[in-house]
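What follows is a single structure, written as structure tokens, with notes after it.
The values are calculated or read from the model by the stated rules, or taken from the named source; none is laboratory data. The shown structure was predicted, so the numbers you read here are calculated from the model rather than taken from an experiment. For neighbour counting, all protein chains shown are included, and Cβ atoms are generated from backbone atoms with ideal geometry for every residue, glycine included. Keep in mind that these areas ignore ligands, DNA and RNA; they rest on the heavy atoms of the full protein, side chains included. Shrake-Rupley method; radii C 1.70, N 1.55, O 1.52, S 1.80 Å.
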Amino acid sequence: MAVAFVDDVRQIKEENPFESMMSRFDHAAQLLQLDPDLYKVLRVPNREITIYIPVFMDDGRIEVFTGYRVQHNFARGPAKGGIRYAPDVTLDEVRALAAWMTWKCAVVNIPFGGAKGGVICDPSQMSQSELERLTRRYTAELIDFIGPERDVPAPDMNTSEQTMAWIMDTYSMHARHTVTAVVTGKPIDLSGSQGRREATGRGLLFVTDEAVKKLGMKAENTRVVIQGSGNVGGTAARLMHETGYKIVAVSDIHGGIYNSKGLNIPDLMNYLAKHKTLEKYQDAEPVSNHELLELDCEVLLPAATENQITSHNAHKIKCRILAEGANGPTTAAADDILESNGVFVIPDILANAGGVTCSYFEWVQDRMGYFWKEDMVNERLKDIMVASFHDVVKYAENHSVNNRIAAYMLAIDRVAYVTRVRGIYA
Ligand code: NAD
């Protein structure tokens, strides 16, 4: 019994996303020989806000939801990061996601710090008008803390372009004028950016292409397994399929499907849009989300949620390239196992940075009041993703560390530099 208890505690610790982030941060800071004073500053968030949000439900009752906004760092510019609605949101998760945003923006060298928001709620059990009232009250409570020069939210799990439109409208009502640059990921007709919807999936395609070239592989011989078929996974599947990759498995929260000869992705996406499930899809066999991760493939692309690859299954992962679409899909304890098995990891803070990079473009366009064509957005996205991939890989080679630690070192070094130059205001 006692041993099981110790194991449980270890597992809880391994699967705490904040612990996962901090253990990489500490390792990278140590290798960088980061100044101990700067270490004290960078290891904590700048500000953590907890909000209790009263909402009138459709039946007339009032429900009080708990929401968070963690603003991790402002050294390089306004904080930037999504808002997630889910029943299992925790402050530690939001803290980790906020820090990852700081490191992600620094890896791709865009002028933002990091933040994240979350509300504990179950959107699948709420009506659109309940979600709208929740979003507007959450925004109103944050009115002094967000803004184009302060903190710029965006969508994350279970929030959408519509959610961003409500936030933009609420903020604008308080400001007494329209402030489009307060959020990104807005509908295109509401000052959103061309290409934003696809940007995270497209960024994943760009970095996977670079990894495939680097390892002397070819897209047409490359089998890809994708966990999650939402914005990130679904877009990555479509774009990679169009590029010639063979997508052999995809999943959603209920499970996955597999066909060793490759799936017809456009047909599959139509099926998913129509039936809202992958179940009973013809020409494929069912697999669970756990089995899916362990399938034979060249590229594994987790695009669902945290803690999918842990010390319990890392040794069973067979891919050559792990392209992390989700934030924190791999625990720190799994890193060493993957490294010793020669898996080429494109870490989340690089691999899924296409979304925030295009959000940066959206913020720039909103502030200019001048909008770019999709070709230009995609070309600029490619420039940044490809350059950042090579920055990280070169850094890893020069410092004899794995790609993940290289990405953290590069990011921490950039944030530490501006913190030192700005100085500590007293
Ligand atoms: P989404 O809600 O559009 O899609 C999530 C997908 O994962 C769905 O198919 C869902 O069914 C599946 N899923 C959810 N929980 C799961 C579970 N426990 N097991 C298996 N599958 C599960 O979300 P998204 O925007 O595609 O985001 C996915 C991941 O990518 C998240 O980690 C998010 O933080 C990260 N991310 C998103 C963006 C973006 O621009 N949307 C940018 C960077 C990182």
Open item on the list: Is it the case, given these coordinates, that Tyr258 is farther than 19 Å from Ala353 by Cβ and crowded, with 20+ Cβ neighbours inside 10 Å?
Closed with: no
Open item on the list: Here is a check on your reading of the model: is Gly342 assigned to a loop (DSSP other than H, G, I, E, B) and under 16 Å from Gly228 (Cβ atoms)?
Closed with: no
Task: Cross-chain or 6+ apart pairs with Cβ under 9 Å, the range 228-244 first and on the phi > 0 side of the Ramachandran plot, then of a type outside the set (Val, Ile, Thr) and more than 10 Å from the ligand (Cβ to nearest atom) - done: Gly228/Leu301; Gly244/Lys218; Gly244/Ala219; Gly244/Glu220
Open item on the list: Being open to solvent by less than 50 Å² (accessible area, probe 1.4 Å) and within 14 Å of the ligand (Cβ to nearest atom): is that true of Val179 here?
Closed with: no
Open item on the list: Kindly evaluate Leu293 against the criterion of being under 26 Å from Lys218 (Cα atoms) and open to solvent by less than 10 Å² (accessible area, probe 1.4 Å).
Closed with: yes
Task: Every pair of residues 6+ apart whose Cβ atoms lie under 7 Å, when the first sits in the range 132-161 and is closer than 18 Å to Gly354 by Cβ while the second is within 11 Å of the ligand (Cβ to nearest atom) and assigned to a loop (DSSP other than H, G, I, E, B) - done: Val152/Thr184; Ala154/Thr184; Ala154/Gly185; Pro155/Gly185; Glu161/Gly185
- [ ] Identify the single condition in (1) near the ligand (Cβ under 9 Å from one of its atoms); (2) over 19 Å from Gln365 (Cα atoms); (3) out of contact with any Gly (no Cβ under 6 Å at 6 or more places or on another chain); (4) open to solvent by less than 40 Å² (accessible area, probe 1.4 Å) that Phe206 does not satisfy, given that it satisfies every other one.
- [x] (1)
Task: Selection count where residues are touching a residue at least 60 places away in the same chain (Cβ under 8 Å) and not β-branched (Val, Ile, Thr), scope the range 392-420 - done: 12
TODO: Just one of (1) closer than 30 Å to Glu379 by Cβ; (2) open to solvent by less than 10 Å² (accessible area, probe 1.4 Å); (3) within 16 Å of the ligand (Cβ to nearest atom) trips up Leu278, so point out which.
DONE: (1)
- [ ] Output the residue which, of all residues in the range 281-290 that are surrounded by fewer than 18 Cβ atoms within 10 Å (Cβ to Cβ) and within 12 Å of the ligand (Cβ to nearest atom), is farthest from Ala249 (Cα to Cα).
- [x] His290
- [ ] Only strands (runs of 3 or more DSSP E) wholly contained in the range 246-319 count here; list those with 1 or more residues that are in contact with a Cys (Cβ under 8 Å, 6 or more places away or on another chain) and within 25 Å of Ala333 (Cα to Cα).
- [x] 299-302
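Looking at the range 21-55, which of its residues are over 20 Å from Asp92 (Cα atoms), assigned by TED's automatic domain parsing to the domain that holds Met101 and surrounded by 14 or more Cβ atoms within 10 Å (Cβ to Cβ)? So that I can check it myself, show each step before the final result.
Here is the first cut: in the range 21-55, the residues over 20 Å from Asp92 (Cα atoms) are 28-38, 54-55.
Still in the list and also assigned by TED's automatic domain parsing to the domain that holds Met101: 54-55.
Once the filter is applied, which keeps residues that are over 20 Å from Asp92 (Cα atoms), assigned by TED's automatic domain parsing to the domain that holds Met101 and surrounded by 14 or more Cβ atoms within 10 Å (Cβ to Cβ), the range 21-55 yields only Val55.
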Open item on the list: Condition first: in a helix (DSSP H, G or I) and of a type outside the set (Asp, Glu). Now tell me which residues in the range 124-133 satisfy that.
Closed with: Ser124, Gln125, Gln128, Ser129, Leu131, Arg133
- [ ] Run Glu379 past the list (1) open to solvent by 50 Å² or more (accessible area, probe 1.4 Å); (2) in contact (Cβ under 8 Å) with a residue 12 or more places away in the chain and report the number of the one that doesn't hold.
- [x] (2)
Open item on the list: Tell me the residue from Leu268, Leu300 that is within 16 Å of the ligand (Cβ to nearest atom), in contact (Cβ under 8 Å) with a residue 60 or more places away in the chain and of a type in the set (A, V, I, L, M, F, W, C), please.
Closed with: Leu300
Task: Flag for Gly185 being surrounded by 22 or more Cβ atoms within 10 Å (Cβ to Cβ), closer than 28 Å to Val345 by Cβ and out of contact with any Phe, Trp or Tyr (no Cβ under 9 Å at 6 or more places or on another chain) - done: yes
- [ ] For residues that are within 14 Å of the ligand (Cβ to nearest atom) and β-branched (Val, Ile, Thr), tally how many sit in the range 210-246.
- [x] 4
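Is it the case that some residue within the range 155-163 is closer than 22 Å to Ala387 by Cβ, of a type outside the set (D, E, K, R), modelled with pLDDT of 95 or more and within 15 Å of the ligand (Cβ to nearest atom)?
Looking for residues that are closer than 22 Å to Ala387 by Cβ, of a type outside the set (D, E, K, R), modelled with pLDDT of 95 or more and within 15 Å of the ligand (Cβ to nearest atom), one finds none in the range 155-163, hence no.
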Open item on the list: Please count how many residues of the range 128-158 are farther than 17 Å from Ile49 by Cβ and of a type in the set (S, T, N, Q).
Closed with: 3
TODO: State yes or no: is Glu220 surrounded by fewer than 23 Cβ atoms within 10 Å (Cβ to Cβ), touching a residue at least 24 places away in the same chain (Cβ under 8 Å), closer than 21 Å to Val386 by Cα and over 18 Å from the mean Cα position of the chain (by Cα)?
DONE: yes
